[in-house]
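Let me begin by presenting the structure, written as structure tokens, before commenting on it.
What follows is calculated from the coordinates using simple rules that are stated; it is not laboratory data. In this text, all values refer to a predicted model and were calculated from it rather than measured experimentally. Positions of Cβ are generated from backbone atoms using ideal geometry, with glycine treated the same way; all protein chains shown enter the neighbour counts.
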Amino acid sequence: VQLQASGGGLVQAGGSLRLLCAASGRTFSSYVMGWFRQAPGKEREFVAAISWSGGSTYYADSVEGRFTISRDNAKNTVYLQMNSLKREDTAVYYCAAGSQVGAAWGQFEFNYWGQGTQVTVSS
């Protein structure tokens with residue numbers, strides 16, 4: 001599967017952005033989809049994940065309650081709605097496709113990555 005993220009930009013603190021990740025390939029609906037981010041000088045970190053059906057989601061503590069991940073399998077697209085943005089949300093955001101690891105929801109392995117989209121939050 002090939003992934004292409006878009007929707008990044010410059011926004012003031014407190015504002016909102018919606019990122020999109022368009023996937024190619026017929027098997028999109030079988031993948032767990034995730035969003036990650038990497039700020040300058042920092043390691044890439046997990047942001048959110050969504051199950052193949054969209055029925056289960058999982059968030060990093062730092063974005064819980066502010067960000068919402070969703071997907072439209074008919075459009076091969078996954079979204080990340082980001083509200084109440086903070087300066088510390090500034091990063092390059094990446095989408096990824098993978099699978100659940102183990103029986104319990106919350107552990108994943110991501111094998112496919114898209115290019116990043118820059119999100120910059122100004123004060």
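What nm distance separates the two modelled labels at Ser56 and Asp72, each placed 7 Å from Cα along Cα→Cβ?
2.5
Where in the chain lies the longest segment free of GluC sites (Glu not before Pro) that are both loop residues by DSSP (not H, G, I, E, B) and have at most 13 other Cβ atoms within 10 Å?
65-123
Counting only trypsin sites (Lys or Arg not before Pro) that sit in a DSSP loop (anything but H, G, I, E, B) with at most 13 other Cβ atoms within 10 Å, what is the longest stretch of the chain containing none of them?
Free of exposed loop sites, the longest segment is 76-123.
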